[in-house]
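Have a look at the structure below before the remarks.
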Amino acid sequence: MEQKASESIRRNPALDIIRKGSVITVITLISRPLGYVREAIQAYLFGATLLVDAFIVAFNFPELIQTLFFSGATSAFLIPVCTKYLNDREEYSHVYSTFINISIIVTLFVSLVFFLFSDTVVRLIAPGFTSEAKAITNNLFIIMIPVIAFHTVLSVMKAFLNAREHFAAPELSGILWNIMFIASALVFGKRLGIYSLAIGVTAGSLLQIVMQYPYLRRLGIHYRMTLDLKHPAIAAAKGLFAGALIATSIVPINSFVGRIIASYLPHGEVASLSYAFRIFILPFSLFAVPVYTVMFSKLSRLFHDNDMKDFKAHIDSSIVLICVTLIPATILLCSVGDICVKVLYERGAFTPADTAMTTRALIGYSLGLVFYALSISFVRIFNAMHDMKTPALIGISSIIINAIIASILMVPLKNLGIALATSIVSLYNFIFLYVMLRRKIGYRLSRPAIRDTIKSLSAGILLVLLIVLSRRLLPGGIVLVLTVSIALTIVIYGLVFKNYYLKILRRR
C-alpha cells in the first residue's frame, strides 16, 4: 500500500504538495488570529502611546537585520546545499552542526556590536524621539538583541528540517512565540510595563529553538560541537550566499522604498497601504507560502538527483495550484475588499473615508497577487538549481522599476498608484524569471497546466459577474453579501475544477 501511495504521488505532484502544504495552511489559520489577539492585548494594555512607539522601533530594527542578512537568505542557500547529504545521517548532522555553530558565532559578534553601540543605533533609528523615549527604546532594544541570534539559529534548523520534508515544527513555533508574547504581557504587564513585551519577544524566540530539538532528534539530526570550515558544504554555501541575500532582500526593500515615496502623500495614505497589505498577505500566506515551501524542498532533491522530468512536473503543479487558489482570492479581494476592510477596521477613529482609501490600496495590491506569488515561487525554483545570481539581478532591476513606476503613478492615483507599482513589478519579475528558466532548462508550461490556468481565469470572469450582480440585487447587509460572495466562489470553482480535485485525491 505504501508503495502504491508513493507511486501515486510521483505521478501526481500536486497531491504531494497539498498533503505537506496543508500543514502550513492549517497552522497559518491558527497563528494569524493569534497575531490579532497579540496586537489587541498590546493595544489594551498600552494603547497608542510613546511606550508602544518605543517598543515597535526597538523591535523592528533587530527583526529587520536578522530577516535581511541572516534568516531571510538562510533557507534559500542552505536547503540546496544540505540536500546533497540527505542519504548520510552522520554527514547530515555534521553539516548541520557546522552551520549552527557558524550562525551562533556570527550573530553573537553582531549582537555584541549592537549592545556596545546601542545608544548610537537608537539615535539612528529614532532620531525624532525625545530623550525619555530614546532611553526607553534603548532599554527595550538591548533586551531584544538576542532575537537576532535566536531567529538565525531557528532558520538553520528550519532549513535542515524542510530539506527532510518536515514542515510542521518550524511553523508551529510561530504559534508558540505568539503565546509566549501574550503570556508575558498578561503576567508581567502591570509589574514591568512595556518591558514585559520585550521579554515576551526574546523568551518566545528562545522557546522556538527549544521546540525544534525533539523533531530534529526524531529525524536523526544531532548537534555536535564541531566547526568544519573546510567542508565542501561551506564552499558551496559561500558561492550561493551573496545571491540569496540580494534575492531575499528585494521584497522588503521594495516595501521600504514604497513607504518612503508614500510619505509625500497626504496623511493617512501610508497607514492605508499598511492596512491593505495586511489583508492582501493573508491569502498569500494561506495558499502560496505552503506551495512554494514544499516545492522548494522537493525541487532541491529532484535537481540533486538529476530528475528533470519530475522537476518540471512539480513546477507545473505548483503554478496550477497557485492559479486555482489565488485567482479566486484576487477576485474576492477586488470585489468585496471594501467589506473586508469595513469588518476588520471600521470602528473608532477609522472612518468610512479611511475604508475607501484602504480599499483603493487593497485593489492595487490584489491585482498582482498571483504574480506576486509566482515571482517568489520562481525565485525558489532557481534557488533549488543553485542559481542565486539570476533572480538577484532581476530583483535589483525591479527595485529601480518599482521606484520609477510608484513615483509616476502616485501623482494621479495616490496610494493606489504605489500599490499598483508593486503588482506591475511582480508581473515583470515573473515574466523575466519564466523566460530565463525556459532558456536554462527548456521549461514550458505543459498543455494540461495551461488548460487548468485558462479554466481558472474563465471561472474567475464568471465569478466577477455573479458577485457584481449579487451586490446590486441583495439588500445592504455586508455580512450577507460577503457570505454569498464566498459561497459563489466555492460553488463555481468546485464545479469547474471538480475533476481536477478528484484527480488529486485519487490514489490509484
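What to note about this one:
- Projecting the Cα positions of Leu34, Pro62, Val110 onto the charge dipole of segment 25-229 (unit charges on Cβ atoms of Lys, Arg, Asp and Glu, taken about the Cα centre) puts Leu34 furthest along the positive direction.
- In segment 170-260, the C-alpha radius of gyration followed by the widest Cα-Cα span (Dmax) gives 18.9, 53 angstrom.
- Using θ = phi - 60° in the Karplus curve 6.51 cos²θ - 1.76 cosθ + 1.60, the 3J(HN,Hα) couplings for segment 163-171 round to 4, 8, 6, 10, 10, 5, 4, x, 6 Hz; x is entered for Gly and Pro.
- Extension gain for the segment Arg19 to Leu462, taken as residue separation times 0.36 nm less the Cα-Cα distance, is 156.5 nm to one decimal.
- Global form of segment 282-345, assessed from the alpha-carbon gyration tensor, a/c cut-off 1.5: prolate
- Temperature 37 °C, viscosity 0.692 mPa s: under these conditions the Stokes-Einstein estimate for segment 375-508, based on its Kirkwood radius over C-alpha pairs, is 179 µm² per second.
- Whichever lysines have a C-alpha closer than 19 Å to that of Lys455, once near sequence neighbours (fewer than 8 apart) are set aside: Lys498, Lys503
- Summary of packing: across the peptides 168-181, 15-28, 395-408, the per-residue average of other C-beta atoms within 10 Å ranks them, highest first, as 168-181, 15-28, 395-408.
- The chain, helix-only ellipticity at 222 nm - DSSP H runs n ≥ 4, -39,500 (n - 2.57), divided by all residues, nearest 500: -29000 deg cm²/dmol
- If only the Cβ of Lys and Arg carry +1 and only the Cβ of Asp and Glu carry -1, the dipole of the chain around its Cα centre is close to 1440 debye.
- Where labels lie 7 Å past Cα in the beta-carbon direction, separation of Leu116 and Val479 in nm: 6.0 nm
- Filter on Lys158/Lys440; Lys20/Lys158; Lys84/Lys238; Lys20/Lys298 - keep pairs with C-alpha separation over 19 Å: Lys158/Lys440
- Estimated Rh, segment 70-130: Kirkwood, alpha-carbon pairs, angstrom: 14.2 Å
- Burial ranking of peptide ranges 183-193, 358-368, 268-278 (average Cβ count within 10 Å, highest at the top): 358-368, 268-278, 183-193
- Extension gain, Leu469 to Tyr264: 0.36 nm times the residue separation minus the Cα-Cα distance gives 70.0 nm.
- Note on the chain: Kirkwood radius taken over Cα pairs, Stokes-Einstein applied at 4 °C and 1.567 mPa s, translational D equal to 53 µm² s⁻¹.
- Over segment 322-442: Kirkwood hydrodynamic radius from C-alpha pairwise inverse distances, Å: 15.7 Å
- Counting only the Cα atoms, segment 25-229 fills a convex hull of 123 Å³ per residue.
- The loop-placed chymotrypsin sites (Phe, Trp or Tyr not before Pro) in segment 63-139, going by DSSP, that have at most 13 neighbouring Cβ atoms within 10 Å of their Cβ come out as Phe117.
- Residue among Gly348, Gly200, His222 farthest towards the positive dipole end of the chain, charges placed on Cβ: His222
- Computed FRET value (nearest 0.05) for Lys389 with Asp310, which takes r as the C-beta separation and R₀ as 30 Å: 0.75
- Charged neighbours of Ser297, selected by a Cβ distance under 12 Å, balance to +4 (K, R count +1; D, E count -1).
Laboratory data are not the source of any read-out in this text; all were calculated from the coordinates shown. These numbers come from a predicted model, not from an experiment. FYI the Cβ positions are ideal-geometry reconstructions off the backbone, even for glycines, and counts take in every protein chain you see.
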